[in-house]
Amino acid sequence: MYKFKFILFIFLFFLLGSLNCFSDNEPIIFTKSSSRTATPLVRTRLMIAPVISFYGINKNHSTNVKQKMSGLFSWKEEIRLNQKHNMFLEIGIEYMLHGLNFDSYYFKPDSIQLYTGKMNYSYSLYVHEIDFPIQIKLCFNHENNARITPYCMVGYHFRTLLDANLKVKQEGETVYKTYEVLTFKNPLISKRNNPFVSLTVGVQKNNLKTFKSCVFLEVTYRYGFSPYLLKDSFTPSSLYITGNHLTIGFGFKF
């Protein structure tokens, strides 16, 4: 409940800020821009963002799910698609680190796997992934003649899972620590590949002197198509983890 209220507050704050920005801009009239005020055809976007994750896990084999500190770094190239300076294509690469804590079973080597309901082992899992986004960005006014430009984006992110960090504890003592091969339940191309789709709302402050650099703030919701699968000799056989993510990013475009 507290996480939901925090997210709602962020969205309301962001929305009100965007509405205030509109009041300072000139009326939106999409006309062809002169070469004097033309922004570069290709620009680079760098962004960092905290990540809020929404996890679901097989409740028959786990309990006490909690999110760990998470974050994202993004490097994308933004390509202008028209002379109105309001539609862009974004391609690039992103690194996202996210994780969770939960309690589950731990089966020692050569032991019989008995599901007694006593999930008294604490798991700490950190997921590393590389994402390759393709996004279409639509601005609600010209970014080359307005000080503030609100925008939205829709995107497809091809994901590749790297080795995860897994630690298992009992009563505070580490019993197992490893680099875990995490896969997708429903893979695409390979067991470590699957996509996100995303929806973004953002606002950027433009530099009307150089028409080159600007700063931006954006909120992105990422929906994944497949649960993660954590499966090892000591884990339950069907430890599936669903994960969707909300990022609140701040960046610089040049």
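The values are calculated or read from the model by the stated rules, or taken from the named source; none is laboratory data. This structure is a prediction, so every number in the text was calculated from the model and none was measured. Heads up, the Cβs are rebuilt from the backbone with ideal geometry, glycines too, and the neighbour counts pull from every protein chain shown.
Out of the residues in the range 195-207 meeting the condition of being under 16 Å from residue 141 (Cα atoms) and touching a residue at least 60 places away in the same chain (Cβ under 8 Å), tell me which one is surrounded by the fewest Cβ atoms within 10 Å (Cβ to Cβ).
Out of the qualifying residues, it is 201.
In the range 103-118, is there at least one residue being under 28 Å from residue 195 (Cβ atoms) and either β-branched (Val, Ile, Thr) or in a loop (DSSP other than H, G, I, E, B) (or both)?
Checking the range 103-118: not a single residue is under 28 Å from residue 195 (Cβ atoms) and either β-branched (Val, Ile, Thr) or in a loop (DSSP other than H, G, I, E, B) (or both).
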| field | Yes/no for residue 39 being in a loop (DSSP other than H, G, I, E, B) and either at pLDDT 50 or above or of a type in the set (Ser, Thr, Tyr) (or both) | value | yes
| task | May I ask you to say which residue of 220, 200 is within 30 Å of residue 59 (Cα to Cα), touching a Ser or Thr at 6+ places or on another chain (Cβ under 6 Å) and modelled with pLDDT of 95 or more? | result | 220
| field | Selection status of residue 73, crowded, with 20+ Cβ neighbours inside 10 Å, aromatic (Phe, Trp, Tyr), part of a strand (DSSP E or B) and at negative phi | value | no
| query | Residues of the range 108-160 being free of Cβ contacts under 8 Å to residues at least 60 places away in the same chain, buried (at least 17 other Cβ atoms within 10 Å of the Cβ) and more than 23 Å from the chain's Cα centre (by Cα), which ones? | reply | 119, 121, 122
| task | Scan the range 161-178 residue by residue and report those that are among the hydroxyl-bearing types (Ser, Thr, Tyr) and surrounded by 13 or more Cβ atoms within 10 Å (Cβ to Cβ). | result | 176, 178
| said: Please determine whether any residue of the range 81-102 is surrounded by fewer than 20 Cβ atoms within 10 Å (Cβ to Cβ), of a type in the set (S, T, N, Q) and closer than 23 Å to residue 198 by Cβ. | reply: yes
| note | Filtering the range 208-223 down to residues that are touching a Lys or Arg at 6+ places or on another chain (Cβ under 9 Å) and surrounded by fewer than 18 Cβ atoms within 10 Å (Cβ to Cβ) yields 208, 212, 213, 215
